[in-house]
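Q: One structure coming up, written as structure tokens, with questions to follow.
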Amino acid sequence: MSVTKELVTERLRSVSGPDFSGNIVDLGMLSEIFIADGKVFFSITVPAERADHMEPLRAAAERVVKAIPGVTGAVVTLTAEKKGGGMEAAPPPRPAPPRPVPQRAAAPAARTPPPAPPSRAPGKRGVPGIDAIIAVASGKGGVGKSTTAVNIALGLAANGLKVGVLDADIYGPSMPKLLGIHGRPESADGKILKPMLNYGLKVMSMGFLVDEETPMIWRGPMVVSALTQMLREVDWGHLDVLVVDMPPGTGDAQLTMAQQVPLAGAIIVSTPQDLALIDARKGLNMFRKVDVPLLGIVENMSYFIAPDTGKRYDIFGHGGARREAERLGVTFLGEVPLEMGIRESSDAGRPVTVSRPNGPEAAVYRDIAARVWQRLQEEKGAGASGPAIVFE
Ligand SMILES: Nc1ncnc2c1ncn2[C@@H]1O[C@H](COP(=O)(O)OP(=O)(O)OP(=O)(O)O)[C@@H](O)[C@H]1O
């Protein structure tokens with residue numbers, strides 16, 4: 001039986017609206033429903049001020065859809081109700097003076113603030129052999145931060161750089177799975193660990209050191225000491241860039257990490273919806289607070305290309321992150337489509353940048369990686385000594 005929009009809509013009538021009044025269909029809370037290859041995509045619009053409590057509603061809708069025979073997957077997201085097209089639920093903009101955003105000729109998609117001096121926060125020791133450490137972060141979980149981090153790392157490597165990945169998502173390490181790496185790191189002297197290797201990347205993750213089933217009740221200080229060990233007690237050798245996949249969110253643990261690691265810059269991953277952007281802004285502010293330069297924002301799950309017709313659908317409000325980046329004077333690094341191939345290749349431990357290097361998604365990630373590298377050079381200051389690389 002093929003899945004139809006009508007059938008999905010009908011089933012969604014069983015999901016109650018907020019306060020158990022009516023149902024989410026008749027209350028007009030659904031976006032357009034899109035179905036491709038048995039996978040169902042849509043978003044639910046909720047009042048911005050109550051968004052934090054709406055996750056059970058989202059989960060219920062996803063459950064109902066996944067239970068329909070013939071449905072092989074569902075992506076359901078919450079988006080905020082807009083009043084007058086603004087982002088009323090957003091916190092006020094930061095008080096810092098606005099920075100001019102000159103348009104760059106070399107990267108037309110990127111709006112770049114003038115180079116700021118590299119982070120010189122006191123007490124941050126560099127890691128010998130590593131030229132630049134960059135964080136990939138998100139204001140909240142599930143926006144595709146790890147997927148983006150790994151593909152940016154592979155994009156940088158594809159452009160000829162020596163790249164490492166440090167999975168700092170100590171609560172939910174995903175690099176072993178994303179990169180298809182199993183086993184335990186070795187140590188020649190019982191102290192310094194050798195990083196694991198795949199697809200040309202050197203990788204370290206808490207996932208290699210602790211069994212998946214082991215509950216990890218790390219408290220703030222332990223998180224930091226685990227991170228410090230993975231950073232400093234690993235034989236990274238020479239790296240042009242170490243990409244750190246941060247834990248999602250902007251809590252104390254993330255703040256401490258941002259403070260402890262000698263970061264050359266940070267990338268924020270967001271989905272286009274208002275709610276995700278509000279969280280992304282918290283992420284931006286967190287790095288500003290600890291004086292880490294912002295390399296830019298990536299919009300993930302930006303738009304959807306129907307595999308059968310090639311038609312583009314902006315079901316999740318494409319463009320929100322670009323507008324937000326422009327508003328805040330932060331570089332927009334690029335947009336990644338919602339693409340089943342990205343999900344499936346990640347799940348299979350073969351990220352799309354290596355499994356389909358000639359495909360459009362790999363090109364998107366390589367472009368983003370090129371902008372990241374360019375931003376890094378700008379932050380290091382004019383005439384930085386990096387390898388001379390020509391990006392396509
Ligand atoms: N552009 C995309 N298209 C399709 N699926 C995607 C895309 N980006 C990420 N995903 C999928 O979304 C899910 C969440 O992605 P990921 O684990 O990278 O997010 P995260 O923000 O790191 O999550 P967490 O907060 O759990 O660490 C994964 O199943 C991933 O394969």
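Q: Can you tell me which residue among ALA264, ALA276, ALA280, ALA306 is away from the ligand (no atom under 15 Å from the Cβ) and either in contact (Cβ under 8 Å) with a residue 12 or more places away in the chain or surrounded by fewer than 24 Cβ atoms within 10 Å (Cβ to Cβ) (or both)?
A: Checking each option against the conditions leaves just ALA264.
Q: List pairs: first in segment 180-201 and of a type in the set (Val, Ile, Thr), second open to solvent by 40 Å² or more (accessible area, probe 1.4 Å), Cβ under 8 Å, 6+ apart or cross-chain?
A: Pairs that qualify, where the first residue is of a type in the set (Val, Ile, Thr) and the partner is open to solvent by 40 Å² or more (accessible area, probe 1.4 Å), are ILE181/LEU197; ILE181/ASN198; ILE192/GLU233; ILE192/ASP235.
Q: Please go through segment 287-301 and pick out each residue that is on the phi < 0 side of the Ramachandran plot and either open to solvent by 10 Å² or more (accessible area, probe 1.4 Å) or under 12 Å from the mean Cα position of the chain (by Cα) (or both).
A: Listed by number, the residues that qualify are ARG288, LYS289, VAL290, PRO293, LEU294, ILE297, VAL298, GLU299, ASN300.
Q: Follow-up. Can you pull out every residue in segment 313-370 that is open to solvent by 20 Å² or more (accessible area, probe 1.4 Å), acidic (Asp, Glu) and within 11 Å of the ligand (Cβ to nearest atom)?
A: Answer for segment 313-370, where residues must be open to solvent by 20 Å² or more (accessible area, probe 1.4 Å), acidic (Asp, Glu) and within 11 Å of the ligand (Cβ to nearest atom): GLU335, GLU339, GLU344, ASP347.
Q: In segment 45-59, which residues are modelled with pLDDT of 85 or more and open to solvent by less than 40 Å² (accessible area, probe 1.4 Å)?
A: LEU57, ALA59
Q: Still on this model: Output the residue which, of all residues in segment 262-287 that are among the charged types (D, E, K, R) and out of contact with any strand residue (DSSP E or B) (no Cβ under 7 Å at 6 or more places or on another chain), is modelled with the lowest pLDDT.
A: Only one residue tops the list, namely ASP279.
Q: Quick check, is GLY126 within 16 Å of the ligand (Cβ to nearest atom) and at pLDDT below 95?
A: For GLY126, the condition - within 16 Å of the ligand (Cβ to nearest atom) and at pLDDT below 95 - is not met.
Q: State which residue pairs qualify: first residue within 19 Å of VAL372 (Cα to Cα) and inside segment 325-352, second residue within 11 Å of the ligand (Cβ to nearest atom) and open to solvent by 20 Å² or more (accessible area, probe 1.4 Å) in any location, beta carbons under 6 Å apart, and separation of 6 or more residues or different chains.
A: VAL336/VAL364; PRO337/TYR303; PRO337/ILE305
The values are calculated or read from the model by the stated rules, or taken from the named source; none is laboratory data. The structure displayed is predicted, hence computed values, not measured ones. Counting neighbours? That spans all protein chains shown, and the Cβs are built from the backbone with ideal geometry, glycine included. Note: accessible area is taken over every heavy atom of the protein model, side chains too, but ligands, DNA and RNA are not part of it. Shrake-Rupley method; radii C 1.70, N 1.55, O 1.52, S 1.80 Å.
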